[in-house]
Amino acid sequence: MPFDARAAKLLQPGQHITVQEHPGLRFVATATRRSWIYRYKSPIDGGMRQVKLGEWPAMGYPQAAVAWEERRNTRDSGVDIQLQKRAERRNERAAVAAEKTRPYTVGELVQDYLAGHIDLHRKPKGRAEVRRLLEHETAPIAHRPAALLLRSEAYDLLAGMTDRPVLMASVRQEMGAAYDFGLDAGKLPENTANWWRQVWRGKMPRTKGKKIAGKHVGAGKRVLSDGEVGTLINWLPNFPRTQHDAVILYLWTGTRGAEIINMEKAEITEEPTGMWWTIPKEKTKNARHQNATDLRVPLIGRARAVVQRRLPGPGRYLFPSYVVAEDGSELPMEQKIIQSGIYHYQPYSKTKDKGSNARPRLPVTHWAPHDLRRTVRTMLAAMGCPNDVAEAVLGHMPPGIVGVYNRHSYDAERLEWLTRLDGRLEELARAAVS
């Protein structure tokens, strides 16, 4: 029925009037007041809910109709108004409680995330890098209560890194994970917003690639040509022994730099088919995969010669560090020593020479050690190596269901194709001389 003000005045406590023009709108009388109520079916669970719009006569019928339309539109958009109000009240109570007690800060959340997740699931190098990244980049907001961090604060922190897109993406990803960790662990109120998952979404700047000599060289993946490979092999004696041997192992095995510098004597065995290097699963990038296995690498040609020469050295590692761990145990060489040592010989390197003699400069430029691994993969493909074998040589896990059911070791195939690769590399080296 249409709303009748005279009937509303005569309404007894416990009675109500429904307004037909506005489905769900009710005028309800109690012993002390008369109120406008909107009753609706929840779009979430189908249960009946009601929400108070205002009191009569302060809110007249026209104002009630406008309020009803707003709430109905909200409900039609899929929002349960009552649940939303409850969540807002919980947010308000949580905010008040947080202000009354010592706040749990962003800095504390970062440290808990590092100790409770990163230190348990990342390798030492990754742990150190994430710790350095978060502690340094979140310092401006480390004092802020984590549960009350504003969306604008997260946005502004990342906005200061737009000229460093890779760093920006890393901080956004790790802080999003840190807030997820805090919520899961009960260190943050359940209604805490994880703004890191929302700000800059779909708007992250693209990287322009690494810089060399102050200029962007793009984000392309470098692969050395056959001629460059031959030239580089012949130039290797100009390198110090460490970089010389590392480059040999990159080219002749296709393994990762982290696997090379962590090579241990106990992992080298002489077998009927030759010398083999067995890299434990825990040392590979596949360690997190349940179905991953140890990586078996045949050492052929110059790779075998490098390992044979290094085996008699002291200690457990073939690339030992000059420092030891806090507990006195041995440590492998840091991977950056290989990288920085190679960069030192690039023609655009500005590091100063020691002594009076100028160091020789690489004739093959604009490459990094990992590009050699990519080069090996490309060479194998060019030689006709089957894709699954080439991926096995590099230690990649087969994708999807294949990785679950294909348990073949590929030892024979690795031996065959790395032997062919040895012949091809030596061929390229001879061709570069002539």
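The values are calculated or read from the model by the stated rules, or taken from the named source; none is laboratory data. Quick caveat: nothing in here was measured; it's all calculated off a predicted structure. A quick note on method: Cβ atoms are made from the backbone with ideal geometry, for glycine too, and the neighbour counts reach across all protein chains shown.
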Does A266 satisfy the criteria of being over 18 Å from R373 (Cβ atoms), modelled with pLDDT of 90 or more, over 33 Å from the mean Cα position of the chain (by Cα) and not assigned by TED's automatic domain parsing to the domain that holds R122? no
How about the stretch 170-191: which of its residues are free of Cβ contacts under 8 Å to residues at least 24 places away in the same chain, outside any loop (DSSP other than H, G, I, E, B) and acidic (D, E)? D180, D184
Residue among K52, K9, K85 that is exposed (fewer than 15 other Cβ atoms within 10 Å of the Cβ) and free of Cβ contacts under 8 Å to residues at least 12 places away in the same chain: K9
R71 under 30 Å from N194 (Cβ atoms), among the charged types (D, E, K, R) and in contact (Cβ under 8 Å) with a residue 24 or more places away in the chain: yes
Taking the stretch 234-279 and keeping residues charged (D, E, K, R) and closer than 19 Å to G341 by Cβ leaves R241, D245, R256, E259
Can you spot a residue in the stretch 370-392 that is under 22 Å from H244 (Cβ atoms), assigned to a loop (DSSP other than H, G, I, E, B) and not β-branched (V, I, T)? no
Long-range neighbours under 9 Å by Cβ, at least six apart or interchain, first residue free of Cβ contacts under 8 Å to residues at least 12 places away in the same chain within the stretch 267-292, second hydroxyl-bearing (S, T, Y): T269/T278
In the stretch 350-374, which residues are surrounded by fewer than 16 Cβ atoms within 10 Å (Cβ to Cβ), over 32 Å from the mean Cα position of the chain (by Cα) and within 19 Å of E228 (Cα to Cα)? P360, R361, P363
Restrict the check to the stretch 340-349 and report whether at least one residue is surrounded by 12 or more Cβ atoms within 10 Å (Cβ to Cβ), among the hydrophobic types (A, V, I, L, M, F, W, C) and under 30 Å from A392 (Cβ atoms). yes
Please count how many residues of the stretch 92-125 are part of a helix (DSSP H, G or I) and modelled with pLDDT under 85. 11
Could you tell me which numbered condition G47 fails, if it satisfies all but one of (1) over 25 Å from Q12 (Cβ atoms); (2) at pLDDT below 85; (3) out of contact with any strand residue (DSSP E or B) (no Cβ under 9 Å at 6 or more places or on another chain)? (3)
Which listed residue is surrounded by 13 or more Cβ atoms within 10 Å (Cβ to Cβ), of a type in the set (K, R) and farther than 30 Å from I261 by Cβ, from R144, R93, R151: R144
